[in-house]
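J.: One structure follows; several queries about it will come next.
The values are calculated or read from the model by the stated rules, or taken from the named source; none is laboratory data. Fair warning: this is a prediction, and the values are worked out from it, not measured in the lab. Glycine also receives a Cβ, built like all others from the backbone with ideal geometry; neighbour counts cover every protein chain displayed. Note: areas computed on protein heavy atoms with side chains; ligands, DNA, RNA excluded. Shrake-Rupley method; radii C 1.70, N 1.55, O 1.52, S 1.80 Å.
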Amino acid sequence: MQASVDRIRRDIDRINQYTGPGLGINRLSFTPEHQGAVDYVRKQLEAIDYEMRVTAHGNYRFRRKGDDWSQPAVTSGSHLDAVPEGGRFDGVAGVVAAVEVARLLAESGDKPSVPYEIIVFSEEEGSRFGGVLTGSKAMIGSLTKKDLVQMQDQTGISYIEAIENIGVNTSDWDKAVIHPGDINAYFELHIEQSLVLETKGIPVGIVTDITGIRIYRITYQGVPNHAGATPMPLREDSLAAAAEAIQAIESLAQGASGGTMVGTVGIIENEPNVSNVIPGRTHFSLDLRDIDRECLVNMSETIISQVKDIATRRGINCTIKMTADAPPVSLSNRARQALLDATKELGIKALEMPSGAGHDAQEMARVTDVGMIFVPSIGGRSHCPEEESRFTDIAHGTSVLYSAIRKLCL
Ligand code: HGY
Ligand code: MN
Ligand code: MN
């Protein structure tokens, strides 16, 4: 059975009507926009007799009414939260594909012996609370309730307060954690977010490995002073220190061997941020990634020691906090083979490839067999309003997803 392009287009368009003001898509976890998007998915699934369970961690799980929730299921899903001014397809394509698989299973009339479950993870982007893959990390127990009390948004609301404010019961936190054996397999369809499939003209990617990610928050504390009256040798300029550190990060990441290391400074806050005061406090983020775990750890240590050396040399203070650490993963042969077999049966050309983006799939890979499908990103752009993918490509990817899941469920 083939996935329906029309239903996929309609679902993606309708979900993206739930967005806040601003360019592109603005949908932070647990905001009214996010809840509206989840509610649309819930209604689509209730229409084919699925029921929703909200987990103590603030994730959303859906199974057919009457299915045994204690039985390990073949699962599929992704996330509905977006980066600020984000795109229409990141996460949404995977959730919509998982819903379409549920419809195809219902239309097939098959009686799966293994339940099928859809999971919508929260706070995958970390745009509200500062981590990444937060909902899926909580689901597999690698983030505790205590960790999530510490993670606060810009208004000081913690992750836990945010989910309790929308009625989530967090008391069964530990009981809601999933362990190896609790899930039969997890599949995620996602836009590629780079140029490989598009330039090679291949409609489907089968992911082999997902990059490791380390995120830090760094603050240089210097001395604010008069921009005119303070001689250069007497300055303790926090922004000049940050500029030196950012330059060092870029050249170290560019110079790394292996070609899969990337380093990004995406956030910078500067105080008091006026032209005639020497900056006293500068805060910036560091997002470091590599498929190779050892390279990632070594590069992190090299960069952090350089950041500290810059502070020492300039006589200023420096505080460094790691806010996310997601080791790279190689995906399971069982799940990958199911996807590869599906592409052959459907006669769809596929390319095996790594993922430079992080995904909830990498957390699920720590407790079950995981398979990921990529569909092309037009122009290779993502995390921006220009993010674009073809609905026909998403439908092809969804047909592959359905064929692989159906095989594991029957
Ligand atoms: O940052 C990432 O790779 C993902 O989009 N959260
Ligand atoms: Mn994503
Ligand atoms: Mn993303």
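J.: Please sort by residue number the chymotrypsin sites (Phe, Trp or Tyr not before Pro) in the range 1-67 whose DSSP state is loop and whose Cβ has at most 15 other Cβ atoms within 10 Å.
T.: Answer in residue order: no site qualifies.
J.: Suppose only helical runs count, i.e. DSSP H with n ≥ 4. What mean residue ellipticity at 222 nm does that imply for the chain under -39500 (n - 2.57) per run, divided by all residues and rounded to the nearest 500 deg cm²/dmol?
T.: -11000 deg cm²/dmol
J.: Report relative contact order for the range 212-326 in percent, whole number only (criteria: Cα-Cα under 8 Å, sequence separation at least 6).
T.: In percent, rounded to a whole number, it is 46.
J.: Now a separate question. How big, on average over all directions, is the shadow cast by the Cα convex hull of the chain, in nm²?
T.: Directional mean of the projected Cα hull area for the chain stands at 20.2 nm².
J.: Using only the Cα atoms of the range 150-238, what semi-axes does the equivalent ellipsoid have when each is the square root of 5 times a gyration tensor eigenvalue? Give whole Å, largest first.
T.: 43, 29, 13
J.: Using a simple charge model, +1 on the beta-carbon of Lys and Arg, -1 on the beta-carbon of Asp and Glu, nothing else, what dipole does the range 212-326 show about its Cα centre, in debye to the nearest 20?
T.: 240 debye
J.: Another question, if that's okay. Please work out the average accessible area per residue across the chain, using the 1.4 Å probe convention, and give it in Å².
T.: Computed with neighbouring chains in place, this is 41 Å² per residue.
J.: Still on this structure, I have one more. In whole Å, what three semi-axes, largest first, describe the equivalent ellipsoid of the range 60-215 built from its Cα gyration tensor (square root of 5 times each eigenvalue)?
T.: After scaling each eigenvalue by five and taking roots: 27, 23, 14 Å.
J.: How long are the semi-axes of the equivalent ellipsoid of the range 1-107, defined as square roots of 5 times the Cα gyration tensor eigenvalues? Whole Å, largest first.
T.: Value: 24, 17, 11 Å, ordered largest first.
J.: For the range 302-379, how big is the tail of P(r) above 17 Å, as a whole percent of Cα pairs?
T.: Distances greater than 17 Å cover 63 percent of the Cα pairs.
J.: Excluding same-chain pairs closer than 8 in sequence, count the lysine pairs in the chain whose Cα atoms lie under 16 Å apart.
T.: The result is 11.
J.: Let me ask something else. Which of the peptides 112-118, 357-363, 194-200 is most tightly packed, and how do the rest follow, judged by the mean count of other Cβ atoms within 10 Å per residue?
T.: 357-363, 112-118, 194-200
J.: To continue, here is another question. Using only Cα atoms, figure out Rg for the range 212-326 and give it as a multiple of 2.2 N^0.38 Å.
T.: 1.13
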